[in-house]
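Enquirer: One structure coming up, written as structure tokens, with questions to follow.
Readers should treat all values here as calculations from the given coordinates under stated rules, not as data from a laboratory. The structure displayed is predicted, hence computed values, not measured ones. Glycine gets a Cβ as well: all are built from the backbone with ideal geometry, and neighbour counts include every protein chain shown.
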């Protein structure tokens with residue numbers, strides 16, 4: 001049972017990573033191409049933040065900087 005549970009947890013983490021990085025990639029492309037990059041990039045960080053601490057910390061830092069600038 002623990003092997004199945006560990007496998008499912010790793011599969012979830014992999015799926016979250018793929019979706020999150022795909023959102024970040026699309027958001028980065030939207031910086032040059034037309035599109036709402038300022039919405040898609042944080043969405044990618046939020047998805048990644050569900051499984052990865054570094055993404056959660058990066059999103060928190062971006063939010064603090066935006067608040068300091070008055071956005």
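Enquirer: Looking only at 53, 26, 18, which one moves most when the chain is put into a Gaussian network model with springs between Cα atoms under 10 Å?
Expert: Its mean-square fluctuation being the largest, the pick is 53.
Enquirer: Multiply the residue separation of residue 25 and residue 38 by 0.36 nm, subtract the distance between their alpha-carbon atoms, and state the gained length in nm to one decimal.
Expert: Between residue 25 and residue 38, full extension yields an extra 3.4 nm.
Enquirer: Okay, next question. Using Cβ contacts closer than 10 Å as the measure, can you line up 31, 41, 19 from fewest to most?
Expert: Details: 31 11, 41 20, 19 14.
Lowest to highest Cβ neighbour count: 31, 19, 41.
Enquirer: Based on the Kirkwood radius over alpha-carbon pairs, what is the Stokes-Einstein translational diffusion coefficient of the chain at 10 °C with 1.306 mPa s viscosity, in µm²/s?
Expert: Working: Rh = 13.3 Å.
Once the numbers are plugged in, D ends up at 120 µm²/s.
Enquirer: With 10 angstrom as the radius, rank 59, 66 by how many other C-beta atoms surround their C-beta, starting from the fewest.
Expert: Details: 59 17, 66 12.
So the residues, fewest neighbours to most, are 66, 59.
Enquirer: Specify the angular offset, from 0 to 90 degrees and rounded to the nearest 10, of the alpha carbon long axis of helix 37-49 from the longest principal axis of the alpha carbons in the chain.
Expert: Tilt of helix 37-49: around 30 degrees.
Enquirer: What's the extension gain from residue 67 to residue 9 if we count 0.36 nm per residue and subtract their Cα-Cα distance?
Expert: Result for the pair: 17.4 nm of gain on full extension.
Enquirer: Here's another thing I want to ask about it. Test of understanding: in a Gaussian network model of the chain with alpha carbons linked when under 10 Å, which of 43, 17, 28 would top the mean-square fluctuation ranking?
Expert: Of 43, 17, 28, the Gaussian network model singles out 28 as fluctuating most.
Enquirer: Sticking with the crude label model, points 7 Å out along Cα→Cβ, report the distance from residue 57 to residue 17 in nm, one decimal please.
Expert: 1.8 nm
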